[in-house]
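**Q** So that we are looking at the same thing, I have put the structure below in structure tokens.
No value in this document is a laboratory result; all are computed from the given coordinates. Bear in mind the structure is a predicted one, so any value in this text is a computation, not a measurement. FYI the Cβ positions are ideal-geometry reconstructions off the backbone, even for glycines, and counts take in every protein chain you see.
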Amino acid sequence: MSLLCSQVSTAWHKNVFVFCVILQNIAVTTGSAERVANGESTAGDETVVSKEEENKTGFVKFGWVKGVLVRCMLNIWGVMLFIRLSWIVGQAGIGLGVIIILLATMVTSITGLSTSAIATNGFVRGGGAYYLISRSLGPEFGGSIGLIFAFANAVAVAMYVVGFAETVVELLKESDTLMVDESNDIRIIGTITVVCLLGISVAGMEWEAKAQVILLVVLLVAIANFFIGTVIPTNNEKKARGFFNYQASIFAENFGPDFRSGEGFFSVFAIFFPAATGILAGANISGDLKDPQDAIPKGTMLAILITTVAYIGVAISSCVVRDATGNINDTVVPGMSCNGSSACSLGYDFSRCASQPCDYGLMNNFQVMSMVSGFGPLITAGIFSATLSSALASLVSAPKVFQALCKDNVYKGLHFFAKGYGKNNEPIRGYVLTFVIAMAFILIAELNTIAPIISNFFLASYALINFSCFHASYAKSPGWRPAFRYYNMWVSLFGALLCCGVMFVINWWAALITYAIEFFLYIYVTYKKPEVNWGSSTQALYYINALDSALALTTVEDHVKNFRPQCIALTGAPMIRPALLDITHTFTKNNGLCICCEVYTGPRKLCVKEMNSGMAKKQAWLTKNKRKAFYAAVAADSFRDGVRSLLQASGLGRMKPNTLVIGFKKDWRNATATQVENYVGIIHDAFDFELGMIIVRISQGFDISQVLQSMHVGEFNQKLLEASTQFKKKQGKGTIDIWWLFDDGGLTILIPYILTIRKKWKNCKLRIFTGGKVNRIEEEKLVMASLLSKFRIKFADINIICDINIKPNKESWKFFEEMIEPYRLHESCKDITTAEKLKRETPWKITDAELEAFKEKVNQVKTTSEREATQCCTEPELIRSSERFIKWLHCFRA
């Protein structure tokens with residue numbers, strides 16, 4: 001980077017140098033780099049701490065072979081390979097059987113590619129599928145699918161253990177040593193098995209990993225033993241059971257489907273699909289991998305390839321007929337017609353299987369692979385190895401995923417299970433919970449019943465992983481930079497849709513239940529709003545959609561019917577003047593833009609520091625108090641300069657403020673002339689920038705900063721606090737008085753109308769006051785009523801002020817003169833030189849000429865101020881003199 005900097009031209013040298021320094025600072029900060037990689041606000045810090053803990057406590061970490069490849073292969077080569085694949089080929093035939101395998105592989109391969117892309121887009125911690133989805137789509141999706149995925153893995157434990165127990169029961173049945181009956185024996189053996197597996201898991205990941213390697217060796221030997229057995233010449237006993245080595249006639253007979261007992265393509269696929277669900281076995285222990293970014297893509301994709309080849313190889317190695325009696329005496333009688341039966345052409349008559357149940361053949365015997373193999377006990381050992389390894393992997397995955405979910409505190413009630421024990425932070429509590437769930441499903445003791453249940457759960461997880469990859473790519477966030485390049489966003493979307501479609505085809509009601517559970521959990525997490533920020537693609541898409549909408553809005557011309565108040569409120573810190581914010585929010589909530597503004601004045605460096613440190617806090621206050629408003633702040637030399645900057649620069653495109661809301665300057669009598677001049681100058685500026693003007697006044701004032709700073713709440717402070725919450729309460733029956741004295745374009749009518757459509761103000765009626773002539777009162781009322789009806793604005797009463805041009809009474813005039821006396825120039829009583837000097841020194845003072853020019857207006861104000869109003873809404877014509885304008889406003893009592 002320093003070389004790059006040295007080559008730039010002199011004119012740009014300083015700017016590029018600063019840029020380079022920033023990059024170098026980021027590069028040397030490990031926490032910052034990992035935060036950027038993860039898109040998490042605290043990820044780097046947590047990662048550094050976790051790495052220090054690993055060094056201190058001796059964490060066991062696995063490479064891509066032992067941690068991912070071995071684990072995925074063992075989990076994919078599960079119970080289905082040895083005791084269900086032969087039945088699947090019998091039902092669907094070799095052709096459709098291979099299609100079933102390839103369809104499952106398509107789903108898992110696309111999911112594997114998406115998983116690889118997400119896993120290589122930053123530092124990966126423990127949690128597997130939950131971690132990948134939650135960090136991509138946010139806690140709402142991650143929290144909902146994480147719970148389902150952990151539950152699915154817990155149920156998978158039961159599926160694999162039941163597969164193991166079925167094999168043991170078959171052996172007991174052959175030797176006639178059943179304990180009770182087949183179903184209860186499966187339950188007994190399953191219970192003992194899952195207890196033993198729990199013991200291995202609790203012992204730690206190191207022991208579990210060693211057990212997995214041993215089981216893989218046994219499994220590979222068993223698979224090799226099967227293929228060897230297919231070429232070893234068969235004997236009469238095996239022929240009677242339907243095994244004739246490789247025969248073209250058997251291959252042709254078994255190639256087409258022969259669905260029985262109500263089975264179909266998708267019901268058979270539903271039973272097979274759990275065999276492909278082991279692809280996330282490595283990702284599920286991502287926290288225990290040395291380099292998850294390298295290990296997960298390499299190990300997962302290679303495992304899918306190897307296991308798919310093995311499955312297809314076993315499926316097409318069809319050497320067994322669909323039905324066989326097992327009786328060596330069922331041979332073909334001379335002269336018997338075979339009717340295309342391959343077994344008949346090979347010398348055996350199994351025709352009675354069409355009328356009565358048989359015990360052997362692809363359709364009837366789940367231990368076909370054991371019979372075909374060169375040495376039967378090795379297949380039994382392979383079944384034990386496959387089922388136990390898959391069960392062990394699921395028994396480890398479920399608590400790990402669940403622990404990660406609980407650590408994130410997405411579901412506060414489940415935080416109990418976040419605690420880990422030992423050097424590997426083992427989720428002992430999660431193991432116990434998984435054991436309980438597995439035991440409940442083991443009691444079902446039916447493999448074909450359990451398999452479809454978890455198929456939908458796994459498919460839902462895969463659908464969201466694929467959608468996460470698509471969503472992250474579609475959002476085009478700069479943070480989406482996966483090192484794994486062999487993925488495509490549209491392929492991921494296809495994979496997500498494929499998973500959803502397969503869910504409904506497998507079992508439509510189970511799919512609906514799965515989606516209902518997921519939707520319920522999504523709504524729950526959304527409602528609870530966990531305090532996490534993972535930089536998800538959902539956030540990125542919100543930004544893209546908002547940006548596109550804002551740009552699209554700029555092409556839409558303004559129309560009077562679509563006018564809405566978009567307010568910039570000078571509240572300062574929003575918690576300082578809550579009442580001003582509340583009244584503004586009343587007519588902007590769900591209707592228009594509201595920006596709470598604060599101006600910092602003083603030494604620029606200190607102001608900017610204070611401003612930056614409080615931005616997030618004050619916006620968070622608005623969000624916490626359910627105020628749909630933005631917070632904006634500027635640092636300026638003077639208050640007026642700051643407001644002028646806000647008026648010009650606030651907003652975006654069409655979403656720019658059109659109305660300025662300020663509180664009445666209650667301390668104008670004691671304020672300096674400059675402060676008053678600035679206050680009125682802000683009003684001038686608002687009109688100069690073509691903004692509407694709303695000045696709000698309440699008797700106690702808006703500023704409650706002294707109450708917030710003081711621990712003592714006196715009588716005055718108590719009244720101030722009550723006044724600050726008056727607009728949060730439901731308003732009683734009353735009237736909103738509108739003094740529509742001048743043509744202001746309708747804002748004076750619109751604001752009160754918006755108030756009346758709010759729940760808290762619905763009991764208030766509009767009362768209109770307007771000027772008119774004494775001899776035309778009824779006509780003026782009809783004209784005004786017609787105008788309001790035309791605008792569809794409901795009102796309670798119209799009052800025509802006939803004496804608006806009559807001079808005020810003596811008391812009002814005397815009060816007004818006493819109030820403005822200190823601020824009059826009285827230039828007519830002074831010589832010209834002195835008068836001109838005073839004008840230059842105090843330009844804000846009221847001249848005799850100004851008072852005379854606006855005498856009629858002052859008379860109207862003093863006359864109208866003598867009337868009472870519950871709420872008064874008026875928009876005065878601007879008067880140049882600051883002091884006179886303040887007094888003009890002062891005449892309107894709140």
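**Q** Between Leu606 and Ala796, take the C-beta separation as r, use R0 = 56 Å, and let me know the FRET efficiency to the nearest 0.05.
**A** So, using R0 = 56 Å, E works out to roughly 0.60.
**Q** Sticking with this structure for a sec: Taking 0.36 nm per intervening residue step and subtracting the Cα-Cα distance, what contour gain separates Lys210 from Lys617 on full extension?
**A** Length difference between fully extended and current span is 141.4 nm.
**Q** Simple spin-label model, 7 Å along Cα-to-Cβ: Ala673 to Glu778 in nm?
**A** Reported label-point gap for Ala673 and Glu778 is 5.5 nm.
**Q** OK, next. Would you kindly state how much longer the chain becomes between Val195 and Ala483 on full extension, computed as 0.36 nm times their sequence separation minus their alpha carbon distance, in nm to one decimal?
**A** Full-extension gain reported as 99.6 nm.
**Q** Another one. Calculate the all-directions average of the projected area of the chain's alpha-carbon convex hull, and give it in nm².
**A** Result: a mean projected hull area of 55.4 nm².
**Q** Would you mind computing, in nm to one decimal, how far apart the modelled labels at Trp813 and Lys759 are, each placed 7 Å from Cα along Cα→Cβ?
**A** Taking the simple label geometry, Trp813 and Lys759 are separated by 5.3 nm.
**Q** Please report how far the C-alpha centroid of region 366-424 lies from that of region 607-665, rounded to the nearest whole angstrom.
**A** 55
**Q** How high is the relative contact order of the chain, given as a whole-number percent (alpha carbon pairs under 8 Å, six or more residues apart)?
**A** 14
**Q** When the helices in the chain are scored as -39500 (n - 2.57) per DSSP H run of 4 or longer and the sum is shared across all residues, what 222 nm value do you end up with, to the nearest 500 deg cm²/dmol?
**A** -19000 deg cm²/dmol, from helical runs alone.
**Q** Now for a different question. Is the shape of region 556-729 best called rounded, prolate or oblate, per the rule: a/c under 1.5 gives rounded, else a/b larger than b/c gives prolate, else oblate, with a ≥ b ≥ c the square roots of the Cα gyration tensor eigenvalues?
**A** rounded
**Q** Apply the Karplus curve 6.51 cos²θ - 1.76 cosθ + 1.60, θ = phi - 60°, to the phi angles in region 406-416 and return the couplings in whole Hz, x for Gly and Pro.
**A** With the stated coefficients, region 406-416 comes to 5, 5, 6, 6, 5, 10, 4, x, 9, 4, 4 Hz.
**Q** If packing is taken as the average number of other Cβ atoms within 10 Å across a peptide's residues, how do 718-730, 746-758, 388-400, 500-512 rank, most packed first?
**A** Most protected by this proxy first, the peptides run 388-400, 746-758, 500-512, 718-730.
**Q** Set the Förster distance to 56 Å, then compute FRET efficiency between Phe504 and Leu708 from the Cβ-Cβ distance, nearest 0.05.
**A** The value I calculate is 0.45.
**Q** Could you rank the peptides 528-535, 472-479 by their average count of other C-beta atoms within 10 Å per residue, with the highest value first?
**A** Listed from highest to lowest mean packing, they are 472-479, 528-535.
**Q** Could you calculate the contour length gain from Ile306 to Glu722, that is, 0.36 nm times the residue separation minus the distance between their Cα atoms, to one decimal place in nm?
**A** Length difference between fully extended and current span is 142.4 nm.
**Q** Apply 1/(1 + (r/R0)^6) to the Cβ-Cβ distance of Leu787 and Ile523, taking R0 = 51 Å, and write down the FRET efficiency to the nearest 0.05.
**A** Result of the calculation: an efficiency of 0.60.
**Q** Name all residues of region 84-114 having a backbone nitrogen under 17 Å from the label point set 7 Å from the Cα of Phe255 along its Cα→Cβ direction, giving them as ranges.
**A** 89-100
**Q** Further question: If packing is taken as the mean number of other Cβ atoms within 10 Å per residue, what is the order of 145-152, 172-179, 263-270, highest first?
**A** 145-152, 263-270, 172-179
**Q** So for the pair Ile316, Met106, with labels modelled 7 Å out along Cα→Cβ, what separation do we get in nm?
**A** 1.8
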